[in-house]
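Structure first, commentary second.
The values are calculated or read from the model by the stated rules, or taken from the named source; none is laboratory data. For clarity, every value in this text was computed on a predicted model and none was experimentally measured. FYI the Cβ positions are ideal-geometry reconstructions off the backbone, even for glycines, and counts take in every protein chain you see.
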Amino acid sequence: MDFDFIQRFAPMYAKAAGLTLRIGLIGIALSLVVGALCCLAKYFRVPVLKQVAAVYIELARNTPLLVQLFFLYFGLPKVGVKLSAETCAITGLTFLGGAYMAEALRSGLEAVDRGQAESGMCIGLTPLQNLRFVILPQALATAIPAIGANAIFLIKETSVFSAVALADLMYVAKDLIGMYYKTDEALLMLTVAYLTLLLPISIVFSVWERRLRYAGFGGAVQGQ
């Protein structure tokens with residue numbers, strides 16, 4: 001193991017990790033927005049939007065992210081739409097992640113007993129208040145594990161961004177292996193970098209889940 005090599009190129013991995021994390025977090029945030037909109041459209045059976053959301057979810061979940069990136073980066077310029085590598089990465093991650101987040105949120109909503117929503121209406125809550133104060137807190141507590149798993153999945157999926165010449169962690173590792181043939185060292189730093197990114201995210205979601213359940217939201221759902 002060449003530790004001088006590791007020390008020399010560790011800053012390059014740190015810079016690539018920052019780019020990977022930034023794109024990953026933006027993609028996760030936008031995925032939650034897209035997923036929430038699709039979930040609500042399906043849950044409340046909004047005409048037309050429900051069918052559009054269903055088609056989108058199936059399309060996104062059944063096509064690889066790499067194919068989506070190629071379409072955005074190489075296909076769209078053929079029709080006059082040229083996007084930067086970073087924009088393609090964020091768009092592709094959002095497109096993929098939104099479908100998974102929609103299903104995670106939908107499972108949480110469906111876990112809330114309909115009787116609780118009816119009880120909220122009986123005590124005078126408006127539909128929006130009922131959704132905000134009765135349904136969503138319980139649904140979120142149930143959906144947190146799936147949302148956390150999807151967030152980690154999306155961060156790991158950033159490893160394909162090197163295919164569109166984005167200098168993420170995988171791009172740096174492949175570049176160093178190609179130039180210096182230091183496979184073990186390059187892959188070790190790659191593994192450490194991903195662990196450094198993903199472990200805190202996993203811990204945050206685990207703590208968040210426990211706090212919600214201790215607050216009683218999860219128990220209300222499970223007690224039905």
Selection status of L83, of a type in the set (A, V, I, L, M, F, W, C), more than 19 Å from T142 (Cβ to Cβ), without any contact (Cβ under 8 Å) to a residue 24 or more places away in the chain and surrounded by 15 or more Cβ atoms within 10 Å (Cβ to Cβ): yes
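Can V46 be described as part of a helix (DSSP H, G or I) and β-branched (V, I, T)? Spell out the reasoning first.
Working: part of a helix (DSSP H, G or I): no; β-branched (V, I, T): yes.
Here the answer is no, as V46 does not meet what is asked.
Name the single residue, out of those in the stretch 1-57 being polar (S, T, N, Q) and in contact with a Ser or Thr (Cβ under 6 Å, 6 or more places away or on another chain), that is farthest from D168 (Cα to Cα).
Going residue by residue through the stretch 1-57, those that are polar (S, T, N, Q) are 7, 20, 31, 51.
Add one more test, that the residue is in contact with a Ser or Thr (Cβ under 6 Å, 6 or more places away or on another chain), and what stays is 20, 31.
On the way: T20: 6, S31: 20 Å.
Among those that are polar (S, T, N, Q) and in contact with a Ser or Thr (Cβ under 6 Å, 6 or more places away or on another chain), it is S31.
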Some residue of the stretch 135-144 being modelled with pLDDT of 85 or more, closer than 27 Å to R8 by Cβ and hydrophobic (A, V, I, L, M, F, W, C): no
Residue check for L25: part of a helix (DSSP H, G or I), in contact (Cβ under 8 Å) with a residue 40 or more places away in the chain and out of contact with any Lys or Arg (no Cβ under 6 Å at 6 or more places or on another chain): no
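From the list R61, R45, which one is among the charged types (D, E, K, R) and within 16 Å of the chain's Cα centre (by Cα)?
Values: R45 fails: within 16 Å of the chain's Cα centre (by Cα).
The unique qualifying residue is R61.
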Selection count, the stretch 28-53, where residues are without any contact (Cβ under 8 Å) to a residue 24 or more places away in the chain and either within 15 Å of V192 (Cβ to Cβ) or small (G, A, S) (or both): 2
Failed item in (1) closer than 27 Å to A186 by Cα; (2) crowded, with 18+ Cβ neighbours inside 10 Å; (3) at pLDDT 90 or above, with T94 passing the rest: (1)
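Which fully enclosed helices (runs of 4 or more DSSP H) of the stretch 106-169 have 2 or more residues being surrounded by fewer than 18 Cβ atoms within 10 Å (Cβ to Cβ) and of a type in the set (A, V, I, L, M, F, W, C)? It would help to see each step written out before you state the result.
Values: elements: 114-122, 127-130, 136-157.
Here the list reads 114-122, 136-157.
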Flag if G115 is within 12 Å of the chain's Cα centre (by Cα) and at negative phi: no
Leading residue by the ranking (modelled with the highest pLDDT) among those in the stretch 175-201 that are surrounded by 14 or more Cβ atoms within 10 Å (Cβ to Cβ) and not aliphatic (A, V, I, L, M): Y194
